[in-house]
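Trainee: Before anything else, here's the structure in question.
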Amino acid sequence: MMVAAATCEWRGELRHDVPMAEYNSWHAGGRARRFYQPADLDDLCAFLRGLDEDEPLLWLGLGSNLLVRDGGFPGTVIYTFGALTMLEWLNERTLRAGSGVTCSKVARSTAKAGLVGVEFLAGIPGTVGGALAMNAGAFGGETWRHVQAVETVDRAGRLHTRPPADYRIGYRTVTGPADEWFVAACLELEPGDAQAAHERIRQLLAHRNTTQPTQQYSCGSVFRNPPGDHAARLIEAAGLKGAAVGGARVSEKHANFIINTGTATAADLELLINRVQGRVEQAYGVRLEPEVRISGERPTL
Ligand SMILES: Cc1cc2nc3c(=O)[nH]c(=O)nc-3n(C[C@H](O)[C@H](O)[C@H](O)COP(=O)(O)OP(=O)(O)OC[C@H]3O[C@@H](n4cnc5c(N)ncnc54)[C@H](O)[C@@H]3O)c2cc1C
């Protein structure tokens, strides 16, 4: 159901009972009670100012690392993709990108400008906001290595500019001030060669297509790599390639990917994640920690 915004202070689009399977790369999961796509940054601030202070919030970029359980999300999803799309050069080496800009657009804009360092972002199918929240990385590159500052918004709709020192940044984890979310990042890049940067992007994408099931519904790597090892190696060694629960299946091409073969529920995916975790721990004494973020409620029976 679409709700007209005309009588409200905000101008974006608010919908109710929205199927989150349409907004994540697993194409699975429950519904969001409310779903808001702001018109722009000012509008987002106005919307947040009008919310009840205990309204549960879930921030969504492209949903390439996010699953909402089948019972749904009992609050408001804030959808930044297609909304916070600012992209501007602050000087010849610093790019300011809104949270709703895709990682691939950042990689290509940077390469085009003859700057290097974030070519790895080209193959990450998410937004700048998601990359900041996850410290997304690949092929030796990591998002936060290039962050000069981030812009955030809090529950009261106030904007903040923060240096990286305000955050604890690790491998696929970032913790910072509570109840603040990313609205933009200022990224500092190195001077380089535009043609070489485009060629590196081409090579990295080709490598992904060879090694990952990029044509199937997944969330990328399900588990973080444990120190000194690879989650995919452990999962394969435990004989779990092809293991399935309902419509969820461990990929034959890359053991750290779980595929929705078409009919997977969030429960199937979560059960398979737990089963893989349990079997690897039993066999090798290593507890794999999921990288994918799971939110929302289990269905009531
Ligand atoms: C085929 C495939 C390949 C992948 N390869 C890689 C890879 O090589 N490296 C890698 O690191 N990841 C990879 N991923 C995972 C995923 O793309 C990244 O984690 C990406 O950064 C998620 O961005 P998103 O916009 O989709 O975030 P979402 O999935 O929408 O959200 C992820 C998390 O970030 C939070 N979030 C989103 N936006 C904001 C915001 N503005 N402020 C605060 N929190 C926010 C969400 O609440 C959630 O907790 C891959 C995924 C797929 C499907």
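The values are calculated or read from the model by the stated rules, or taken from the named source; none is laboratory data. The structure displayed is predicted, hence computed values, not measured ones. Cβ sites come from the backbone with ideal geometry, for glycine too, and all protein chains shown count toward neighbours.
Trainee: Does any residue in segment 110-138 that is under 21 Å from Leu84 (Cα atoms) and more than 7 Å from the ligand (Cβ to nearest atom) come within less than 6 Å, Cβ to Cβ, of a residue that is assigned to a strand (DSSP E or B) and not polar (S, T, N, Q) six or more places away or on a different chain, and which pairs are these?
Mentor: Val128/Ala97; Val128/Ala185; Asn135/Glu142; Asn135/Ile169; Asn135/Val174
Trainee: Please state which one of Thr110, Thr85, Thr94 is under 30 Å from Ala197 (Cα atoms) and buried (at least 20 other Cβ atoms within 10 Å of the Cβ).
Mentor: Of Thr110, Thr85, Thr94, the one residue that is under 30 Å from Ala197 (Cα atoms) and buried (at least 20 other Cβ atoms within 10 Å of the Cβ) is Thr110.
Trainee: Right, another one. Could you give every pair whose Cβ atoms fall below 8 Å, whose first residue belongs to segment 37-52 and is under 15 Å from Gly82 (Cβ atoms), and whose second residue is in a helix (DSSP H, G or I), counting only separations of at least 6 or pairs across chains?
Mentor: Pro38/Leu44; Pro38/Phe47
Trainee: Are any residues in segment 90-109 touching a residue at least 60 places away in the same chain (Cβ under 8 Å) and either within 8 Å of the ligand (Cβ to nearest atom) or of a type in the set (Phe, Trp, Tyr) (or both), and if so, which ones?
Mentor: Passing the criteria: only Ser99.
Trainee: Could you check segment 238-262 and list, in sequence order, the residues that are in contact with a strand residue (DSSP E or B) (Cβ under 9 Å, 6 or more places away or on another chain) and more than 26 Å from Ala136 (Cβ to Cβ)?
Mentor: Listed by number, the residues that qualify are Gly242, Ala243, Ala244, Gly247, Gly262.
Trainee: Pairs please, first residue from segment 215-226 and under 14 Å from Ala266 (Cβ atoms), second anywhere and in a loop (DSSP other than H, G, I, E, B) and near the ligand (Cβ under 9 Å from one of its atoms), Cβ atoms under 6 Å, 6+ apart in sequence or on different chains.
Mentor: As it stands, the answer is Tyr217/Trp26; Cys219/Ser25; Cys219/Trp26; Cys219/Asn65; Cys219/Val292; Val222/Val292, since those pairs meet every condition given.
For (1) of a type in the set (Ser, Thr, Tyr); (2) modelled with pLDDT under 95; (3) under 22 Å from the mean Cα position of the chain (by Cα); (4) farther than 30 Å from Pro38 by Cβ, each residue gets a yes or a no:
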site	(1), (2), (3), (4)
Val183	no, no, yes, no
His207	no, no, yes, yes
Tyr217	yes, no, yes, no
Arg233	no, no, no, yes
Ala244	no, no, no, yes
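Trainee: Would it be correct to say that Ile201 is over 25 Å from Arg108 (Cα atoms) and β-branched (Val, Ile, Thr)?
Mentor: No: the conditions fail for Ile201.
Trainee: If you don't mind, another one. What number of residues within segment 178-215 satisfy the criterion of being touching a Ser or Thr at 6+ places or on another chain (Cβ under 9 Å) and either hydroxyl-bearing (Ser, Thr, Tyr) or closer than 30 Å to Glu53 by Cα (or both)?
Mentor: 7
Trainee: Across segment 264-301, which residue is surrounded by the fewest Cβ atoms within 10 Å (Cβ to Cβ) among those that are among the polar types (S, T, N, Q) and closer than 19 Å to Gly220 by Cα?
Mentor: Asn274
Trainee: Can you work out which of the residues in segment 174-194 that are of a type in the set (Val, Ile, Thr) and surrounded by 14 or more Cβ atoms within 10 Å (Cβ to Cβ) is farthest from the ligand (Cβ to nearest atom)?
Mentor: Val174
Trainee: Kindly evaluate Thr152 against the criterion of being within 8 Å of the ligand (Cβ to nearest atom), touching a strand residue (DSSP E or B) at 6+ places or on another chain (Cβ under 7 Å) and not in a helix (DSSP H, G or I).
Mentor: yes
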